[in-house]
Amino acid sequence: MRCFLLLCAMVVTLGSEPSEAASWSVVTGRTVGAHDTVVDLRVGWPGISTTLLHGVTPKLDLGGIFTFNYGFEGDVTETRPGLKLQALLRANFYDSHKFNFGIHLAPGPLFYFYPATTVAGIALPIGLDFGVHSSSQLNVGLTLDLPMFILFSSNVRRGEFVIPALFGGGLEYFLAPNVAFTFKMGMGPIIYTRDGVANFDLQALVGFAFRL
């Protein structure tokens, strides 16, 4: 909550007139730009990810994500190696240059590795992204993420629908017009619908994004 309030304060206080230097984004609701391609590398909890994005139109990005996790979907109670392969769609609904709003979807298969077996499932995440272009070098984002997933039944886990609800945000600082340092964090409950259990979920990642 303190981090969330800090981000809100930054949105209010960092109000200088924006410029074109940070005209693309991987953290806020702004897209990467028509015909541009971006590689986004992140590391933290619960894992490491590589994202490739291509701007199909000024309002639409398509791409893919490869993730290696060492935490089970951000659930702080369970460390577990896993892999995810996801398609990615990012769409911008509103962009006034200063403020922007968009949505992202990233469906795909997931696998977590236990000593006796592999648990498979389908990731069905959706998220809302609100952004403020605060200055020529800084974007600030506020996010609501629902990185939902379905687990298939196995001999170590029961099949069920799992709903994490993460509130948070991120920062995007441009070291150069084509290079950005990124930080994104979200936290909230992760609800196991079949078991009726809710644990604490945390996702906090830092990285670099490169426009090719």
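No lab work stands behind these numbers, since they all come straight from the coordinates. As the structure is a computational prediction, the values presented were derived from the model and not from experiment. As a convention, Cβ positions derive from the backbone with ideal geometry for all residues, glycine included, and neighbour counts pool all protein chains shown.
Tabulated values for the structure
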| read-out | value |
| --- | --- |
| For the chain: relative contact order, % (alpha-carbon pairs under 8 angstrom, 6 or more apart) | 20 |
| Cα centre as origin, Lys/Arg/Asp/Glu Cβ charges: the chain dipole, Debye | 200 |
| Qualifying lysines (Cα of each under 19 Å from Cα of Lys98; at least 8 residues distant if same chain) | Lys59 |
| Rounded Å value of the spacing that divides the Cα centres of the stretch 155-173 and the stretch 191-205 | 7 |
| Calculated [θ] (222 nm, deg cm²/dmol) that DSSP helices of n ≥ 4 give over the chain, each run adding -39,500 (n - 2.57) | -2000 deg cm²/dmol |
| Nearest-0.05 FRET efficiency for Phe93 and Tyr114, computed from C-beta distance (R0 30 Å) | 0.15 |
| Size of electric dipole in the stretch 16-91: Cβ of Lys, Arg +1 and of Asp, Glu -1, about Cα centre, debye, nearest 20 | 160 |
| Label zone at Phe167, where the point sits 7 Å out along the Cα-to-Cβ direction: the stretch 177-212 residues whose backbone N lies under 13 Å | 186-189 |
| Identified option (computed Rg/Rh (Cα atoms, Kirkwood Rh); candidates (1) 1.01; (2) 0.99; (3) 0.94) | (2) |
